[in-house]
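Note sheet for the following structure.
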């Protein structure tokens, strides 16, 4: 998977590989932006932050991971552990692919590196200078580019046509352009948990109970969903009766909410559920079937299956890995 995606390898909506015209430009621009800025004291790039089966993960790799994801310096401390976790998984996957004798083609790596270098030179810098200021050598950048390309090869060989067909059959509305028109009611915790998270567990449960009572009133037709949303919802959509409009899966609406909405029938009200935003109820008022065929969305299906394969492989690798954090 490529390294600006949802999973540990990162990546865009592509099947296990870098989107040449997008990802490489992002990388190049962020690299130039970092070395051009007047930052305070630079981190110690050669410091070891973790080891994976005896192989070190350096601070330079953490900084590079933050850059290619567009994470501002002020936010780095908050997501640092997550980045290190992803780098650990990437180290394990690199070992796995090497044992499987799966390697990225040199010309593909050259092609992507050339795009990065071009971006750097267009900004009036030399690639070697930029990499050095990041505590990186060209071989480090090449290794970062090689992993998603090698994974792409492995995933394509591993995922069968039958798996793609079955996945489309089971999840067709997520891919064929189906749109749902939905409303929501959201209750948001006000306190902070002991670990700094939003809301204490007691408050979450109290909000769930409150929303469950509201749901009973809606189902019993004592109040309409729109009226309940105007009265109780703490979402910006409350004034519109919780109206989220019409949307396809994966766009416009957070995935946690879309997962629930696309599992409902027309006129059905969801059970109470939690997301990172709060406690929700969702009503689907209309479903507009999509027209895309399997052939139209094959790359999207492969992307999801590749994500799932990455997750299952890395989970197995973690079971026997020796990981030490510094």
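Quick notes on this structure:
- Qualifying residue in segment 167-179 (condition: touching a residue at least 12 places away in the same chain (Cβ under 8 Å), touching a strand residue (DSSP E or B) at 6+ places or on another chain (Cβ under 7 Å) and not in a loop (DSSP other than H, G, I, E, B)): yes
- Restricting attention to segment 286-303 and to residues that are in contact with a strand residue (DSSP E or B) (Cβ under 7 Å, 6 or more places away or on another chain) and surrounded by fewer than 17 Cβ atoms within 10 Å (Cβ to Cβ), the residue that is nearest to residue 174 (Cα to Cα) turns out to be 288.
- Residue, nearest to residue 147 (Cα to Cα), within segment 59-90, restricted to residues that are without any contact (Cβ under 8 Å) to a residue 40 or more places away in the chain and out of contact with any helix residue (DSSP H, G or I) (no Cβ under 9 Å at 6 or more places or on another chain): 82
- Cross-chain or 6+ apart pairs with Cβ under 7 Å, segment 33-58 first and at negative phi and surrounded by 13 or more Cβ atoms within 10 Å (Cβ to Cβ), then in a strand (DSSP E or B) and modelled with pLDDT under 55: none
- Qualifying residue in segment 259-268 (condition: farther than 20 Å from residue 187 by Cβ, modelled with pLDDT of 95 or more and in contact with a helix residue (DSSP H, G or I) (Cβ under 7 Å, 6 or more places away or on another chain)): yes
- Residues that are outside any strand (DSSP E or B) and surrounded by 14 or more Cβ atoms within 10 Å (Cβ to Cβ) were ranked within segment 312-326; the one that is nearest to the chain's Cα centre (by Cα) is 314.
- Answer residue from segment 201-225, given it is more than 18 Å from residue 274 (Cβ to Cβ) and crowded, with 18+ Cβ neighbours inside 10 Å and is nearest to the chain's Cα centre (by Cα) among those: 225
- Any chance residue 147 is touching a residue at least 24 places away in the same chain (Cβ under 8 Å), closer than 20 Å to residue 321 by Cα, assigned to a helix (DSSP H, G or I) and under 25 Å from the mean Cα position of the chain (by Cα): yes
- Enumeration of residues in segment 91-123 that are in a helix (DSSP H, G or I), farther than 22 Å from residue 137 by Cα and without any contact (Cβ under 8 Å) to a residue 24 or more places away in the chain: 99
The values are calculated or read from the model by the stated rules, or taken from the named source; none is laboratory data. In this text the structure is predicted, and so the values were computed from the model without any measurement. Cβ coordinates were reconstructed from backbone atoms using ideal geometry, including for glycine residues, and neighbour counts include every protein chain displayed.
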